[in-house]
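A short write-up of the structure that comes next.
Each value in this text was obtained by applying a stated rule to the coordinates, not by laboratory testing. Nothing here was measured: the structure is a model prediction, and the numbers come from that model. Quick reminder, even Gly has a Cβ in these numbers, built from the backbone with ideal geometry, and neighbours come from all protein chains shown.
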Ligand code: PAF
């Protein structure tokens, strides 16, 4: 039976025996509205033999758009059913005032990684992510924590949080799970209208197209222009960025080196819904 924990004291009590018998604890941080992408993280944690704690908390301080926060889907009963079926033991579901008795005054400066892409478009977003992830790591004290590659820049931010603040946890990054037509799983997909849903795979199509072109030796800027033109032709979609980056640092680049990690990141509005995705080009 899945157990819902609401406070730090409840987490400590529930995990005490596991901690004292050195049983590894795995944390899967989520904001709920769970889908196969989240379940892939859970399954990875289960396959590692962790006692799995899934946190469900819609973190208000990482939303720079009030409407996004208000419209964030809440599917708690379904989420709990899904997690129970996966064999998850614990859900940590704190109230807002439990995690934020006071509005945090701390501001985390992630440096360069926060100045591009999501960091540039959503000021304060990664500060909010960093603060809540630090809180979750401090409360759950997991041996391992699981993040999806879908949020590539978030992975870079959390990696620096863990390294720079010496958290005793390792991070495992799990591949993006996609719908049959390539659309990356995301809680926001639930908000797409029927026609928008048909257009949404355009993001992945452009990533794939660009990967093929780059690996065939085409210039990055020429490839990017084709993608921009493709979006111009689609009345339901608006491209926000399409960038080639270093996978770990998210620094913007414009070439494929003979060795070195490269990914392409994309953000686009489909109707009113902002979607992001990425594809690793060189691992
Ligand atoms: O990726 C998410 O769902 C959120 O950013 C996270 C990591 C749960 C922090 O609120």
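Multiplying the residue separation of residue 221 and residue 115 by 0.36 nm and removing their Cα-Cα distance gives an extension gain of 36.1 nm. The slack between residue 238 and residue 81, meaning 0.36 nm per residue of separation minus the straight C-alpha distance, is 52.9 nm.
Considering helices alone, the calculated mean residue ellipticity of the chain at 222 nm is -11500 deg cm²/dmol, with DSSP H runs of length four and up weighted by -39500 (n - 2.57) and normalised per residue.
Put simply, when 172-182, 202-212, 26-36 are sorted by average Cβ atoms within 10 angstrom per residue, most first, you get 26-36, 202-212, 172-182. Sorting 105-111, 75-81 by average packing, meaning the other beta carbons within 10 Å per residue, from highest down gives 75-81, 105-111. Here, the chain yields an orientationally averaged convex hull projection of 15.2 nm² when only Cα atoms define the hull. Rg/Rh for the range 211-268 stands at 0.99; both radii use Cα atoms, and Rh follows the Kirkwood definition. The distance separating the Cα centre of the range 243-267 from that of the range 142-183 comes to 17 Å.
Here the range 1-85 is treated as a sphere whose radius is the Kirkwood value from Cα pairs; by Stokes-Einstein at 37 °C and 0.692 mPa s it diffuses with a coefficient of 231 µm²/s.
Each peptide in 16-22, 230-236 gets a packing score, the mean of other Cβ atoms within 10 Å over its residues, and the list from highest to lowest is 230-236, 16-22. Relative to the longest principal axis of the Cα atoms of the chain, the long axis of helix 220-232 lies at roughly 90 degrees.
Mark the label point 7 Å from the Cα of residue 100 along Cα→Cβ and return the residues of the range 121-156 whose backbone N is within less than 12 Å of it. Inside the label zone: 125, 128-129, 131-132. For the range 156-283, taking the reciprocal of the average inverse distance between every pair of different Cα atoms yields a Kirkwood hydrodynamic radius of 15.8 Å. On the beta carbon distance between residue 258 and residue 228, with R0 = 35 Å, the FRET formula returns roughly 0.80.
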